[in-house]
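All remarks here apply to the structure that follows.
Every number in this text was worked out from the coordinates using simple rules, so none of it is lab data. In this text the structure is predicted, and so the values were computed from the model without any measurement. Heads up, the Cβs are rebuilt from the backbone with ideal geometry, glycines too, and the neighbour counts pull from every protein chain shown.
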Amino acid sequence: MAGAELTSLGTLCTLVWYQAVFPASAREASSKGQIVSDWIEIQKDAKHIAREKQKARALRQTQWWRNKIAQGLCAYCQGTFAPDALTMDHIVPISRGGRSTKGNVVPCCTACNATKKYWTPAELLLQQLREQEST
């Protein structure tokens, strides 16, 4: 996209995300009006995943986590739930290189956790915007 004028940081971030997520062949198909399915290359590192899952188990035992789930709020839908109905969700999924740290985990209801899957919140927002544009 040489010569394209970027008017904001948001536009730049979207452009970088789009180029990172969709291969050139899919971008060309998209520009020709063909439907492009969501495609993200996930390279799983088994050692990283095992290490971060172990850290997540330890984090679940901390007073910090117990205080978070005691509030009973899902981080995504803001619904109120019993503490035992909330799960630990990684904002940046472990399979995408995320870590089990206090800054990357939030309490989440099972419905939101199942919907989120391996997506980041930014990608979910972009999907919602695409759906709104298509209707």
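Could you go through region 89-110 and let me know if any residue there is over 23 Å from ASP45 (Cα atoms), out of contact with any helix residue (DSSP H, G or I) (no Cβ under 9 Å at 6 or more places or on another chain) and not acidic (Asp, Glu).
We begin by selecting, within region 89-110, every residue over 23 Å from ASP45 (Cα atoms); these are 107-110.
Next, from what is left, pick out any that are out of contact with any helix residue (DSSP H, G or I) (no Cβ under 9 Å at 6 or more places or on another chain): none.
Within region 89-110, not a single residue is over 23 Å from ASP45 (Cα atoms), out of contact with any helix residue (DSSP H, G or I) (no Cβ under 9 Å at 6 or more places or on another chain) and not acidic (Asp, Glu).
(1) assigned to a helix (DSSP H, G or I); (2) free of Cβ contacts under 8 Å to residues at least 40 places away in the same chain; (3) surrounded by 13 or more Cβ atoms within 10 Å (Cβ to Cβ): which one isn't true of GLU133, the others all being true?
(3)
Could you tell me which of the residues LYS102, LYS68 is assigned to a loop (DSSP other than H, G, I, E, B) and in contact with a Leu (Cβ under 9 Å, 6 or more places away or on another chain)? Walk me through it before giving the result.
Details: LYS68 fails: assigned to a loop (DSSP other than H, G, I, E, B).
Within the list LYS102, LYS68, the selection yields LYS102.
State which residue is farthest from ALA50 (Cα to Cα) when the search covers only region 71-99 and only residues that are within 11 Å of the chain's Cα centre (by Cα) and not in a loop (DSSP other than H, G, I, E, B).
The residue in question is ASP89.
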